[in-house]
Amino acid sequence: MAIDVKKKGFDASALTAGGVGYTKPVAKEELKKKLAEERVALEEERVYRKGVASIKDLISPSSMKVEPSFVRFGDTYCRTLFIITYPRYVTVGWASPIINLSAQMDIAMFFYPIKADVILKELKRKVGIVEAQIQMDAQSGKPRDPIAETALRDIEQLRDDLTQGIEHFFQFAFYCTFYSTDPEQLERLTRTVETTFGSMLIYTKRAYYQAEQGFNSTLPIGNDELMITFNMSTSPIASSFPFTSAELSSDNGILYGVNRHNNSLILFDRFSLQNANAVIFATSGAGKSYAVKLEILRSLMLGTEIIVIDPEMEYKHLSDAVGGTYINISLASSAKINPFDLPRPTGEAVSVEDIIRSAVITQKGLLRLMLGKLTVAEDSILDRALLETYAKKDIVPGADLSTVEPPILQDFQDILEGMEGTGDLVIRLKKYTEGTFSGLLNSPTTVKMDNILVTFSVRDLEDELRPMAIYTIVNYIWNVVRSERKKRVLAIDEAWWLMQHEDSAKFIFALVKRCRKYYLGITTITQDVNDFLTSPYGQAIVTNSAMQLLLRQSPAAIDLIAKTFLLTQSEKYLLLESGRGEGIFFAGQKHAAIQIVASYTEDQIVTTDPKQLLQIEQARKEFQESLEQAGKPT
């Protein structure tokens, strides 16, 4: 019997070879309705997606223009360079100068391994060609060709290494893409990179008419669209690894910290550099005083004499712990320093006239801090009065400085009062001889620097007097240093106090330049980076300091720091995000990320944490009370 599919309502798709299936009739209207609903849903989704920002929308430029030698993305220009040839030898980390270049860039390296049997077959053919050429030259009486002989040795060495599995063979591609918002700056940057590579006998070319392919090849998607390779074995490829860190470990010196790149120890002797000066920049609480005190404690163990200018009484605990001399300079203190003191050089021929002239120049710098702005006439009067003040005490050319007694500020005032046109100067000077500030500078020197650690505290001085006091202290230290040559370090904390005045800044700069001759290293420490570096003398002090330590920096100062120390973008971010005791350590031409570490005992001595200091003080009191209760001497 025949079955009418249309009449009975069968679904023709249900008919199979195995039998006949039955379904309900499918209405064309329902199917059309369903399809219409799906179209509406798809259209709604398309409209919705059109109004939603995707990742592509966020990262893609507003426009793109491909030029023969560069690609322009909006306002940014980018150019790709590729390496075409290398010298016979390349040093480890040869790419580091480019990596550390202060520029925005992308670098891509592609490694294509080649089977050893293919290379060995080609090298065997090369050996035959080179040997035949050498033999032909010898038979024809030509002089030996060192280039051919060297090539033969290199090929034979590579064959041996490949056969033994010591080396493997690769095709190596190196591309770098640079970005700039200015086409002229991009051109200068390109020439800099080409010159840097050229100095290492590594030659590069620009990706002409392949600018887009060069840009795509340096994107982090692993596509090599340039395919410009160079044959290399394992050893030179290993030396191309760009991320190398400087090793600052030596047989002599002290431990400064741990290299955060490779966990090696940073052991260094600052006196092994061209000068022993150092600068330390950090924000408040970044650990600069902790680092300085740690260096002082470890330097003392090597016999280095340390002198510290302490503005906030932070070094008192350290001084007490090692038996140092702590001198508190204030108006009411018995510790006095005479600014008219002179050095007493021993063991060297120094003209007394030169010493007097140098002292007069130094005193005039101090008087400018004390008296304010001076006219040309007043400056000349002060110059003549200072010479007469020294002459009053028989300090003249040819005198024996070891037997004379230097004058004091009152003697200088007496000389001024006997001169014409000095009324205003005398009135301004009396504030320091008879007035409120008379207890600071108008007295013979009563302090002695006969200890391995001497600390001068200026915490109890008014802010107005601090620059004058620090100036006088540094001058006194300089006289002592010139009198006897020893291995010394002078640490000036909060050095920005001296950078605020031109005369004191000039004086510190002169010391930094000259101290190497007297076996002295000066450490300048500051948290006010802008005040220090905006001074021309501050910049010069950094230039004349072979060692620098940068700890965490504030966003307001990081650009100036980066410009001064030629930091890369990654180094800038490192300083902004560093924790306490973390930063960058510079020693000569080398620098590395550092983590300052201390033992438990050292930490108890050098800590600057108020909470920890309070706990230490509390523990000390409890210990003393327990000794008193036991009847034992404290």
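The values are calculated or read from the model by the stated rules, or taken from the named source; none is laboratory data. Source: prediction; values computed, not measured. Glycine also receives a Cβ, built like all others from the backbone with ideal geometry; neighbour counts cover every protein chain displayed.
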Q. Say we look at the stretch 85-102 and pick out the residues that are touching a helix residue (DSSP H, G or I) at 6+ places or on another chain (Cβ under 8 Å) and closer than 14 Å to E194 by Cα; which of these is surrounded by the fewest Cβ atoms within 10 Å (Cβ to Cβ)?
A. P97
Q. List the pairs whose first member sits in the stretch 105-121 and is under 8 Å from F169 (Cβ atoms), whose second member is part of a strand (DSSP E or B), and whose Cβ atoms are under 6 Å apart, counting only residues at least 6 apart or on separate chains?
A. P113/F170; I114/F169; I119/F169
Q. Which of the residues spanning the stretch 480-490 are at pLDDT below 85 and buried (at least 22 other Cβ atoms within 10 Å of the Cβ)?
A. R482
Q | Pair list, Cβ under 7 Å, 6 or more apart: the stretch 73-94 residue touching a residue at least 12 places away in the same chain (Cβ under 8 Å) and over 18 Å from F110 (Cα atoms), other residue crowded, with 21+ Cβ neighbours inside 10 Å and aromatic (F, W, Y) | A | Y77/F70; C78/F70; C78/F178; C78/F215; R79/F70; R79/F178
Q.
For a quick check of your reading of the model, give me the residue pairs whose first member lies in the stretch 214-225 and is among the acidic types (D, E), whose second is at pLDDT 90 or above, with beta-carbon atoms closer than 7 Å and at least 6 apart or on different chains.
A. D224/F110; D224/A173; D224/S217; E225/Q213; E225/N216; E225/S217
Q: Look at the stretch 123-152 and say how many of its residues are under 18 Å from M232 (Cβ atoms) and not hydrophobic (A, V, I, L, M, F, W, C).
A: 2
Q: Among the residues of the stretch 94-115, count how many are modelled with pLDDT of 85 or more and of a type in the set (V, I, T).
A: 1
Q | Subset of the stretch 459-507 (residues that are small (G, A, S) and closer than 17 Å to V447 by Cα) | A | A469, S483
Q: Output the residue which, of all residues in the stretch 36-66 that are aliphatic (A, V, I, L, M) and assigned to a loop (DSSP other than H, G, I, E, B), is farthest from the chain's Cα centre (by Cα).
A: V52
Q. Here are K121, K65: which of them is surrounded by fewer than 16 Cβ atoms within 10 Å (Cβ to Cβ), touching a strand residue (DSSP E or B) at 6+ places or on another chain (Cβ under 7 Å) and not small (G, A, S)?
A. K65
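Residue-by-condition table, conditions (1) at pLDDT 85 or above; (2) of a type outside the set (G, A, S); (3) in contact with a Cys (Cβ under 9 Å, 6 or more places away or on another chain); (4) surrounded by fewer than 19 Cβ atoms within 10 Å (Cβ to Cβ):
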position: L511; (1), (2), (3), (4): yes, yes, no, no
position: R516; (1), (2), (3), (4): yes, yes, no, yes
position: L520; (1), (2), (3), (4): yes, yes, no, no
position: Q527; (1), (2), (3), (4): no, yes, no, no
position: N530; (1), (2), (3), (4): no, yes, no, yes
position: T534; (1), (2), (3), (4): no, yes, no, yes
position: Q548; (1), (2), (3), (4): yes, yes, no, no
position: R552; (1), (2), (3), (4): yes, yes, no, no
position: P555; (1), (2), (3), (4): yes, yes, no, yes
Q: Determine whether the stretch 80-93 contains at least one residue that is farther than 19 Å from M227 by Cβ, modelled with pLDDT of 80 or more, among the β-branched types (V, I, T) and not in a loop (DSSP other than H, G, I, E, B).
A: no
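Could you tell me whether any residue of the stretch 123-134 is under 46 Å from the mean Cα position of the chain (by Cα) and either part of a helix (DSSP H, G or I) or free of Cβ contacts under 8 Å to residues at least 60 places away in the same chain (or both)?
So far as the stretch 123-134 goes, no, none of its residues is under 46 Å from the mean Cα position of the chain (by Cα) and either part of a helix (DSSP H, G or I) or free of Cβ contacts under 8 Å to residues at least 60 places away in the same chain (or both).
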**Q.** Tally, over the stretch 287-315, of residues that are charged (D, E, K, R) and closer than 15 Å to G257 by Cβ
**A.** 4
Q) Residue check: is E295 surrounded by 19 or more Cβ atoms within 10 Å (Cβ to Cβ), of a type in the set (D, E) and in the same structural domain as L533 (by TED's automatic domain parsing)? A) yes
Q: Being of a type in the set (K, R) and free of Cβ contacts under 8 Å to residues at least 12 places away in the same chain is the filter; apply it to the stretch 153-199 and report the residue that is nearest to A238 (Cα to Cα).
A: R153
Q: May I ask you to list the residues in the stretch 427-440 that are surrounded by 13 or more Cβ atoms within 10 Å (Cβ to Cβ) and modelled with pLDDT under 85?
A: F437, S438, G439, L440
Q) What number of residues within the stretch 77-106 are over 17 Å from D182 (Cα atoms) and more than 19 Å from the chain's Cα centre (by Cα)? A) 16
Q.
Just to confirm my filter: which helices (runs of 4 or more DSSP H) fall fully inside the stretch 313-426 and include at least 1 residues that are buried (at least 18 other Cβ atoms within 10 Å of the Cβ) and in contact (Cβ under 8 Å) with a residue 60 or more places away in the chain?
A. 316-322, 352-371, 409-417
